[in-house]
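Quick notes on the structure that follows.
Please treat every number below as a calculation from the coordinates, not as lab data. The shown structure was predicted, so the numbers you read here are calculated from the model rather than taken from an experiment. Note: ideal-geometry Cβ built from the backbone for every residue, glycine included; neighbour counts use all protein chains shown.
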Amino acid sequence: MRPALRASLLALLPTLLVGQTPVPAAPPAATAPRPPQFPAGVPGQLMKLIAEQGQQLADLQELVDTIGPRLTGSERMRRAHAWAQAKLTQMGAQNVHEEAWDFGFAWTRGVDQARLLTHNQMPLMIAHNAFTPGFDKPVVGEVLEPADFKLATLQALKGQLKGKILLRAMGARPAPGAPRPAGMPNPQEQDTLNQFLKDEGVLAVLTMSNKQYGLLTTGGRTFREIAKVPVPVATLTQEGFKQLQRLLARKEPVKLELQLGGKLSKAPVKDYNVVGEIRGGEKPEEVVIIGAHMDSWDLSTGANDNGTGTCASLEALRAILASGAKPKRTIRVVLFSGEEQGLLGSKAYAKAHKDELDKVQAVIVDDMGTGRIRGWALQGREDVKAVMASVISPMNDFGLREVSLARMGSTDHASFLPYGVPAFSAQQDAEDYFSHTHHSHVDSFERVQPEALLQGAQALAVTAWELANLEQRLPHKAPEAPREPAR
Ligand SMILES: [Zn+2]
């Protein structure tokens, strides 16, 4: 700005100030929305304790930032077991312990790299799929994409697969009951197919992430499927995978250099579920189980899947203990492991405790990411809908108000259903769970919403408290034979 002009502007300043528009006054306080009030009694007390003193966020940061990913069977998973037991002991929980179950071979991630050796020579983002074998040193192979991964299709390529890197286009896992996408082998074929790939000397199989924009994902297959794959399997981003497909469509050779450094343990290992509880005052043998899985996939730190459920469960028990209120029935937190490989820890727990399951009042499981808990999916249990609506009524003004008959699978409550136990999964706001964080390399602490985590802890505390103090037992269904053998 020129000096002469600045001087004249300065001379004008008092006039400008005099002429300024007054700042509008704040609207009267009476028109501002009032936050909902905590209800009377123990539920309100629990909600207030969690709102004012809750440690769920600090616990979560500690778990995910200092211990990190918690792959079932891994050393870090063992550290998480010790961490959770220390937390339960510090808060004054009773009967704190871990319960072992047989897992299988543990797996440790190494360095994962891929580079296109032909065409544009680009490095490609890649993640070795856990529990599949790796390489001691980088390898080079030509890329080939079979029409699909059915046994007959691959057998037609017999003799042409040695040293080849196979592309296997495979998106999201089909929903229960949905038809399997074309190109996926049926389960009976899987073992034969795996052996065929090994016998033919296939170098590696590359799959495609189920999320776009450079997100790498892993997991999502059952342990039975992944643990028996005798060749290295890795996942490329959608963008990298589709580039390879386009290059192959040009009918030109495509070669990759691959390093997949993951290693299986020499011997099978055990894994553990962590347990802590507050004993009931009147009916201690009857139990409400608050469940979440503490294991995670390992591309990130498992903050949303399922650090949030783990820490909300711990906080729910902590608040009940801190309130000094004594529930009629026992309230037990069980932090399962092996969920990601097929609900293995909760199946093992249910099997080990099958003779006590008729005394379980209910199992409530929190495992749907960072979103607020809107209610409970009752698995078609019309007969408990009214009582569950009354159970959650103290938190209606805080967003917990849905009792749906939805049937949910793919998390730990499902392991109790074959025994007839009332077992429900939280219905949560999806937020960015399935689009971004779930099983991806950005499932980290920044993607967690602190307010929703707090509400989740309140929802678990209030639901568990009310279930533990109901006059009546929730009716059990006749036990069914488990659809898959528990292990
Ligand atoms: Zn999960």
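Miscellaneous remarks
- In segment 259-275, the residue that is farthest from the ligand (Cβ to nearest atom) out of those that are in contact with a His (Cβ under 8 Å, 6 or more places away or on another chain) and assigned to a strand (DSSP E or B) is LEU260.
- Some residue of segment 447-455 being within 15 Å of the ligand (Cβ to nearest atom) and assigned to a loop (DSSP other than H, G, I, E, B): yes
- Within segment 278-336, considering residues that are part of a strand (DSSP E or B) and farther than 20 Å from ARG473 by Cα, the one farthest from the ligand (Cβ to nearest atom): VAL334
- Top-ranked residue of segment 135-169 - restricted to ones that are assigned to a strand (DSSP E or B) and within 32 Å of the chain's Cα centre (by Cα), ranked as surrounded by the fewest Cβ atoms within 10 Å (Cβ to Cβ): ARG168
- Meets criteria (surrounded by fewer than 18 Cβ atoms within 10 Å (Cβ to Cβ) and of a type outside the set (Ser, Thr, Tyr)) for ALA389: yes
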